[in-house]
Amino acid sequence: MTELLRKAIIDGNDNITINVGAADLRSIIAEMVQDELTRRAQAVEASKEKPTLSRKEAADMLGVTFMTLNRWARDEYLVPVKIGYKVRYRLSDVENILLNRNSTNN
């Protein structure tokens, strides 16, 4: 019964009438809230990436100028992440460019 009720709530069936006890309803709500909290925690963990680099750090690693970084951003080759007024670059994006550069040179 609980699983059927949960499915009906999630599916959003507007044409349903269900008689449910308060204990079952609390249990279903608690399960749904816990599922959502778990899903959000997993999303946060997945979004935690390697640290970001400043413009200077990215330019130094890549051996390019700030003008080149600006052009790459415009061309969407290396897209910066803006945190407030700061421009940052994902370390993984910079590493990918370095790997691609090394693999094409070999």
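Laid out as a table, the results:
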read-out: Residue, nearest to R71 (Cα to Cα), within region 10-31, restricted to residues that are among the hydrophobic types (A, V, I, L, M, F, W, C) and either modelled with pLDDT under 70 or touching a helix residue (DSSP H, G or I) at 6+ places or on another chain (Cβ under 7 Å) (or both); value: I28
read-out: Residue tally, condition within 18 Å of T52 (Cα to Cα), assigned to a helix (DSSP H, G or I) and charged (D, E, K, R), over region 62-106; value: 2
read-out: Test set (1) in contact with a strand residue (DSSP E or B) (Cβ under 6 Å, 6 or more places away or on another chain); (2) of a type in the set (A, V, I, L, M, F, W, C); (3) at pLDDT 95 or above - W72 fails condition number; value: (1)
read-out: Cross-chain or 6+ apart pairs with Cβ under 6 Å, region 84-106 first and at pLDDT 85 or above, then open to solvent by less than 100 Å² (accessible area, probe 1.4 Å) and among the hydroxyl-bearing types (S, T, Y); value: R88/T52; R90/T52
read-out: Candidates E31, E45, filtered to the one that is closer than 30 Å to G12 by Cβ, assigned to a helix (DSSP H, G or I) and touching a residue at least 24 places away in the same chain (Cβ under 8 Å); value: E31
read-out: Selection within region 62-94 - among the acidic types (D, E) and open to solvent by less than 60 Å² (accessible area, probe 1.4 Å); value: D93
read-out: Some residue of region 44-61 being of a type in the set (S, T, Y), more than 19 Å from L98 (Cα to Cα), modelled with pLDDT under 85 and loosely packed, with under 13 Cβ neighbours inside 10 Å; value: yes
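Yes or no, residue by residue, for (1) more than 18 Å from the chain's Cα centre (by Cα); (2) of a type in the set (D, E); (3) within 30 Å of E3 (Cβ to Cβ):
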residue	(1), (2), (3)
Q34	yes, no, yes
T38	no, no, yes
T52	no, no, no
G63	yes, no, no
R74	yes, no, no
Y77	yes, no, no
Y85	yes, no, no
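The values are calculated or read from the model by the stated rules, or taken from the named source; none is laboratory data. Just so we're clear, the structure is a prediction, and the values are computed from it rather than from any experiment. Every residue, glycine among them, receives a Cβ derived from its backbone with ideal geometry; neighbour counts consider all protein chains shown. Areas reflect the complete protein model, heavy atoms only, side chains present, ligands, DNA and RNA absent. Shrake-Rupley method; radii C 1.70, N 1.55, O 1.52, S 1.80 Å.
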